[in-house]
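Report on the following structure.
Since every read-out is calculated from the coordinates, none of them should be taken as a lab result. What you are looking at is a predicted structure, and each value in this text was computed from that prediction instead of being measured. Positions of Cβ are generated from backbone atoms using ideal geometry, with glycine treated the same way; all protein chains shown enter the neighbour counts.
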Amino acid sequence: MRSIAVIGSLNMDIVNWVEKAPLPGETIRALATAYVPGGKGANQAVAAARAGAMVEMIGGVGQDDYGEALLENLRASGVRTEGVLLEPGVSTGIAFITVDALGENSIILAAGANGKLTPEKIGTEDRFAFRPDMVVLQNEIPYPTVAYALTYFAAMEKYIIYNPAPALKLPEDDYRKINLLILNETEAAVLTGGAVGSAEEVRNAAEILVECGCREVIITLGGRGLFYRNRERNMMFFLNAFKVPVIDTTAAGDTFVGAYAAALAEGLPVREVLRFASAAAALTVTRKGAQTSIPERADIDLFLRDRQCRK
C-alpha cells in the first residue's frame, strides 16, 4: 500500500448546535456545545487512516491542552504525528462552528499555530516518518507553504491531491503541479470566476480547471453528488450522492478527500474510489462533529454492501 502525507491544519472545533444561525446583532441560545478535534488537514488525515491507509500528519499545534488533545486523537486514529511541530508562545488553531437544525454549518477560523507553518518547516526529508507516495494539501495553512509543497513534491513526482479550501485564486503555474483537484461548487466558482450551479456550469468549470493544467478534477455537489473530469483519459461523468438523513455536514468534504486518497492508494478503479469516498462522506453527515463523525473502514464497507444488496 502506498503511504500518504497530509500537510495542513489542526484545529480544536468549538461547536454550537442551534435551531437557526443568529442574525446580525441577535443573541441566541445553543442547544448543545462540544469541543471536537478538527482542522481540514487533520480531518483528512484521520479519514484516510480510518479508511485503512498509512498516513502521517505535517502541521503545527500550540503547547497547550488543545494541542495535546489533537495529537492524542490523531494517534488513536492511526496517524503518525512526528511531523507535527509544537509552536511555543502560540495557541493551537481554533474553529468556531455553528450548526443549524438543517445540518448546515458556518465556521470562523483562528489560525493559531497553523499560521506559523512556513515553507522552511516542511522542506526537509527528516520531517517525514516515511517517504510519502501521495501528498494531500488544503488552504488552512499559509499559501506560500502550500505553493512550496506543490513545487517540492511535484519535482519529486509525487501524486498531489489539492483541496483549495478556504478558496482563493491560484497562480497559473501551480495548477500544472496538481494531479487531482477536489473542490466544491463555491470553491470552483472562486477559482474559475464564473457561476457553478447548473450541470452545464459544473462541466464548464471542470473544463476550465483541466485547461489550466490539473490532470483530474472532482467538483463535489453536496446532496446532488459530484462531477469527475480526467484530462488525460478524456473521461467525464456525474455520480449521484447516496441518500441519507443529514444531521451535520461538518467534515463531510474532508472525509471525502481522505477516503478518496486511501482508496486510490489501494489502486482501485476510479469509479470504485469515487463510490468509496462518497459512502464515507455520506456516513459522516449522519453524525455530529468533525473527527467524531468520520467512519471506520468497516463502516464504509458495510454501507456499500448494504447499498449493493438493495439494487
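Would you mind working out the magnitude of the charge dipole of the chain relative to its Cα centre, with +1 at each Lys and Arg C-beta and -1 at each Asp and Glu C-beta, to the nearest 20 Debye?
Working: 31 positive and 37 negative charges, 191 e Å.
Computed charge dipole of the chain: roughly 920 debye.
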**DSSP-loop chymotrypsin sites (Phe, Trp or Tyr not before Pro) across the stretch 108-215, with at most 15 other Cβ within 10 angstrom** = 130
**Asked** What share of the DSSP beta bridges in the stretch 137-242 is antiparallel, in percent to the nearest 5?
**Response** 55
**Request:** Please compute the net charge surrounding residue 231, taking Lys and Arg as +1 and Asp and Glu as -1 over other residues with Cβ under 12 Å from its Cβ.
**Result:** 0
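What does the net charge come to around residue 140 if you take all other residues with beta carbon closer than 11 Å to its beta carbon, with K and R at +1 and D and E at -1? Let's see the in-between values first.
Details: positive: 40; negative: 254.
Here the charged neighbours net out to 0.
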**Asked** Which loop trypsin sites (Lys or Arg not before Pro) in the stretch 190-239, with loop taken from DSSP, have no more than 14 other Cβ atoms within 10 angstrom of their Cβ?
**Response** 233
**Asked** Out of residues 5 or more away from residue 179 or on other chains, whose amide H comes under 5 Å of its own, with H placed 1.01 Å from N in the peptide plane?
**Response** 160
**Prompt:** Quick one: 7, 122, 107, fewest Cβ neighbours within 10 Å first, how do they rank?
**Reply:** 107, 122, 7
**Request:** Under 9 Å from the Cβ of residue 61, count the other residues' Cβ atoms, weight Lys and Arg +1, Asp and Glu -1, and hand me the total.
**Result:** -3
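Over the stretch 211-302, what is the relative contact order in percent, taking alpha-carbon pairs closer than 8 angstrom and at least six residues apart?
Details: 133 pairs, mean separation 22.0, N = 92.
So the answer I get is 24 percent.
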**Asked** How large is ³J(HN,Hα), in whole Hz, for each residue of the stretch 215-220 in order, when computed from phi with the Karplus curve 6.51 cos²θ - 1.76 cosθ + 1.60 and θ = phi - 60°, using x for Gly and Pro?
**Response** 6, 9, 9, 10, 9, 7
**Asked** Considering only 33, 111, 183, whose Cα is most displaced toward the positive end of the charge dipole of the chain, charges sitting on Cβ of Lys, Arg (+1) and Asp, Glu (-1)?
**Response** 183
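Going through the stretch 110-219, which GluC sites (Glu not before Pro) have at most 16 other Cβ atoms within 10 Å and a DSSP loop state?
Hits after loop and neighbour filter: 157.
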**Request:** Determine the relative contact order of the chain: mean sequence separation of Cα pairs under 8 Å and six or more apart, normalised by residue count, in whole percent.
**Result:** 19
**Prompt:** What is the dipole size for the stretch 1-81, taken about its Cα centre, with +1 at each Lys and Arg Cβ and -1 at each Asp and Glu Cβ, in debye to the nearest 20?
**Reply:** 380
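Run lengths n ≥ 4 of DSSP H only: what is the helix-derived mean residue ellipticity at 222 nm for the chain, with -39500 (n - 2.57) per run over all residues, to the nearest 500? Before the final figure, lay out each step's value.
Values: 9 runs with 106 residues, N = 311.
Helix-only estimate at 222 nm: -10500 deg cm²/dmol.
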**Request:** Output the antiparallel fraction of DSSP beta bridges having both residues in the chain, as a percent to the nearest 5.
**Result:** 40
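What does the charge dipole of the stretch 192-311 about its Cα centre add up to, to the nearest 20 debye, if the Cβ of each Lys and Arg holds +1 and the Cβ of each Asp and Glu holds -1? Intermediate values should be presented prior to the final figure.
On the way: 16 positive and 14 negative charges, 82 e Å.
About 400 debye.
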